[in-house]
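J.: Here it is, the structure in full.
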Amino acid sequence: MPELQLEIPYTLRLLVHTIIVNSHNLNAASNTLLLSTQNSLDMNMVQNSKIEPESSSENTPTNSTTQHINKSNAPSSTGSMLRLSLWVSFSAWILNFDNGYAGTVLIMPSYKHAFGSCEQVLDPNTYADIQHCSLTPLQQSLISLNFLFIAIGGGIAGVTGQYIGRRRSIQAGCTLAIIGAAGMLGTSGSFLRYMVCRSISAVGLGQLMAASVTYGSECIAANKRGLSLGLYNVGLAGGNAAAFAVCAGSARLEPINDWQWKTPILCQIPLGVILGAGILMLPESPRWLMGRGREEEARNSFGVLYSQSPYSPEITAQIDDIRTNLAYERENLKSVSFFDIYRRKHIGRTLTSAVIMVGLAITGIHFVQPYATLFLKGVGISDPYLINVIIGLCILGGSLFGPFIVEYGGRRIAMLSGYIVMAVCMLTLSSVSTALGMDETAKIVTVVLLCLWAFVFGGTIAASANLSSVEMHSVSLRTFGQANTTVFYGIFAFGATFWTPYMLGADYGNMGPNVGYFYAGVTAVIGISTFLLVPETAGITLEQIDEGFNSGIKAWETSLPRNKAIASQKRNMAGGNVGA
């Protein structure tokens, strides 16, 4: 038998030596193999020589001593997973920072002066002539046009992510977001130019939204995916709260000072530069590399992410799983195209992912997030800027619990429980206002219920929606599938943001607190759809999710304990400790 001169860490040398000392009952063939390995290690210590390990499924650990390596001896991947998660969540921060400030600036005097219609009116207190500026409901609603361009950006991400990679797609999104933000700073007085630049920025944000969560889901290990990508939700909530806080501060500037509304826009430029440059510190998605036939680079990427040798048994087993699933998906396809997500085999998964993100868009966040200030001012609550910051902090507070809820409670349970509580909050808000009118008690109840709604949303729906939606797609179609989901999200978010000013406007819907009845009904419908369509995906690898869909199991038959049993069985069969 030829000797292998492997450059193996000293701790592994000691482990093999211990196995040899205590292996008196092994058969002759096993003794020969182990003695040969020991001789190889001794020669390695003297010669410090190395040969390239064989790369194939032959390295898969089957019936070998490597199967029995104790899990505690495996290198920890926590640090690398945390670094990647923080950068992915940073893209979410940028995305929601933009969404957060867009609605808040609508009540700023300088924004109304820059883009609204102004007239001289008599001040009822001083009887002096003053200039009064206002925005039309159409101008207020047009900020929702941003979401249509986010949808376009998400669609573009399906192409860029497939052909230039996940990291470069994120960088392209950062570039467009920076260009758009810089353009908006020079548009005072022209609402058209402002909206053009904002639309350019939105295309970039759409790419960030689709590419970043896809990148994170493909790189993070299965046993850390819920916790790690839960940080994406913390990033969303953090960006939202930061935007509210910046607006609350800049609102204290002079009413005619354009920096009152320009300050939050200016903040986006350095954020985009930091993300675009910082993503280069991380490896490319190993699953994308495998899809492009670049196995060696995929091994190296897994090695960096899992803090292991690229040829470790666990990474080899992971590579084999990905290769098998890719081959299974492509057995009847010569090439992968966008339209494959709508074929009979995949359309159910495509629509399930879309339902998850549509639920995120239309169950109230695009009422609470951009228009809470407008709503609170309309019902007579003083200092709406401050209360808006408090609501943002409630979402952030809930998001801190989100990673643990989706990992240890499950994605499906998080969504179902979240929708139930959110529907009850909206229904109670409107019922109290109907019964009491808008007296002081009703105003307090309104604020409390909005804060509770925000906290629950941050800890359940926001934490699970982005994560679950990207997990629905198959390995080879994940880029196209999530791009399609982002398009659906953008279209419905546009609708939810566009109709709100007309629902609240005194000359139109004038619904006031009764808007809660509408959102309670919508939330109930989405909750039922979630129960029927969305399976539990916590605790298992992306490849095991594929196997679940292929088996035809119903969504309501899935559960976290069942997934843990599947994952445990797979680990015992492979003898590994890492899955993604």
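J.: From the list Ala493, Ala483, Ala463, which residue is under 18 Å from the mean Cα position of the chain (by Cα) and more than 30 Å from Glu329 (Cα to Cα)?
T.: Ala493
J.: State yes or no: is Ser250 hydroxyl-bearing (Ser, Thr, Tyr), surrounded by fewer than 24 Cβ atoms within 10 Å (Cβ to Cβ), at positive phi and touching a helix residue (DSSP H, G or I) at 6+ places or on another chain (Cβ under 6 Å)?
T.: Values: hydroxyl-bearing (Ser, Thr, Tyr): yes; surrounded by fewer than 24 Cβ atoms within 10 Å (Cβ to Cβ): yes; at positive phi: no; touching a helix residue (DSSP H, G or I) at 6+ places or on another chain (Cβ under 6 Å): yes.
Criteria not met by Ser250.
J.: Considering only residues of the range 240-266 that are of a type in the set (Phe, Trp, Tyr) and out of contact with any Gly (no Cβ under 8 Å at 6 or more places or on another chain), which is nearest to Phe455 (Cα to Cα)? Show your work before the answer.
T.: Step one: filter the range 240-266 for residues of a type in the set (Phe, Trp, Tyr), giving 244, 259, 261.
From what is left, the residues that are out of contact with any Gly (no Cβ under 8 Å at 6 or more places or on another chain) are 259, 261.
On the way: Trp259: 31, Trp261: 27 Å.
Per the stated criteria, the residue is Trp261.
J.: Further question on the same structure: Before we move on, is Ser417 among the small types (Gly, Ala, Ser), in a helix (DSSP H, G or I) and either free of Cβ contacts under 8 Å to residues at least 60 places away in the same chain or touching a strand residue (DSSP E or B) at 6+ places or on another chain (Cβ under 8 Å) (or both)?
T.: yes
J.: Would you mind stating whether Ser353 is hydroxyl-bearing (Ser, Thr, Tyr), exposed (fewer than 15 other Cβ atoms within 10 Å of the Cβ) and under 26 Å from the mean Cα position of the chain (by Cα)?
T.: Taking the combined requirement at face value, the residue does not satisfy it.
J.: Yes or no: Ile491 among the β-branched types (Val, Ile, Thr), assigned to a helix (DSSP H, G or I) and without any contact (Cβ under 8 Å) to a residue 40 or more places away in the chain?
T.: Working: among the β-branched types (Val, Ile, Thr): yes; assigned to a helix (DSSP H, G or I): yes; without any contact (Cβ under 8 Å) to a residue 40 or more places away in the chain: no.
So Ile491 fails the test.
J.: Just to be sure I understand, how many residues within the range 296-324 are more than 26 Å from the chain's Cα centre (by Cα) and closer than 18 Å to Leu477 by Cα?
T.: Counting residues in the range 296-324 that are more than 26 Å from the chain's Cα centre (by Cα) and closer than 18 Å to Leu477 by Cα gives 1.
J.: For residues that are assigned to a helix (DSSP H, G or I) and β-branched (Val, Ile, Thr), scanning just the range 361-387, find the one that is modelled with the highest pLDDT.
T.: Only one residue fits best here, namely Ile362.
This table checks each residue for (1) polar (S, T, N, Q); (2) part of a helix (DSSP H, G or I).
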site: Phe90; (1), (2): no, yes
site: Trp93; (1), (2): no, yes
site: Asn99; (1), (2): yes, yes
site: Ala102; (1), (2): no, yes
site: Cys133; (1), (2): no, no
site: Leu142; (1), (2): no, yes
site: Leu148; (1), (2): no, yes
site: Gly153; (1), (2): no, yes
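J.: Checking Leu452 against (1) surrounded by fewer than 22 Cβ atoms within 10 Å (Cβ to Cβ); (2) modelled with pLDDT of 95 or more: exactly one of these is not met. Which one?
T.: If we test Leu452 against (1) surrounded by fewer than 22 Cβ atoms within 10 Å (Cβ to Cβ); (2) modelled with pLDDT of 95 or more, just (2) comes out false.
J.: Considering the range 548-565 alone, what residues qualify as being within 19 Å of Asp321 (Cβ to Cβ) and buried (at least 17 other Cβ atoms within 10 Å of the Cβ)? Spell out the reasoning first.
T.: Restricting attention to the range 548-565, the residues satisfying the condition of being within 19 Å of Asp321 (Cβ to Cβ) are 548-551, 563-565.
Within the range 548-565, Gly548, Phe549, Asn563 meet the criteria.
J.: Could you tell me which of the residues Thr537, Thr486 is in contact with a helix residue (DSSP H, G or I) (Cβ under 6 Å, 6 or more places away or on another chain), buried (at least 24 other Cβ atoms within 10 Å of the Cβ), not in a helix (DSSP H, G or I) and not acidic (Asp, Glu)? So that I can check it myself, show each step before the final result.
T.: Values: Thr486 fails: not in a helix (DSSP H, G or I).
Matching residue, one of Thr537, Thr486: Thr537.
J.: Does Ile390 meet the test of being in contact with a Cys (Cβ under 7 Å, 6 or more places away or on another chain), in a helix (DSSP H, G or I) and modelled with pLDDT of 80 or more?
T.: Considered against the rule, which asks whether it is in contact with a Cys (Cβ under 7 Å, 6 or more places away or on another chain), in a helix (DSSP H, G or I) and modelled with pLDDT of 80 or more, Ile390 comes out as yes.
J.: Right, something else. Does at least one position in the range 504-511 carry a residue that is of a type in the set (D, E, K, R), in contact with a Ser or Thr (Cβ under 6 Å, 6 or more places away or on another chain) and either surrounded by 18 or more Cβ atoms within 10 Å (Cβ to Cβ) or farther than 25 Å from Leu393 by Cα (or both)?
T.: no
J.: Which of the residues that make up the range 104-131 are touching a Phe, Trp or Tyr at 6+ places or on another chain (Cβ under 9 Å) and either touching a residue at least 24 places away in the same chain (Cβ under 8 Å) or not in a loop (DSSP other than H, G, I, E, B) (or both)?
T.: Selection gives Thr104, Val105, Leu106, Ile107, Met108, Ser110, Tyr111, Ala114, Phe115.
The values are calculated or read from the model by the stated rules, or taken from the named source; none is laboratory data. The model shown is predicted, which means the values in this text are computed figures rather than measured ones. Note that each Cβ is placed from the backbone with ideal geometry, even for glycine, and that neighbours are counted across all protein chains shown.
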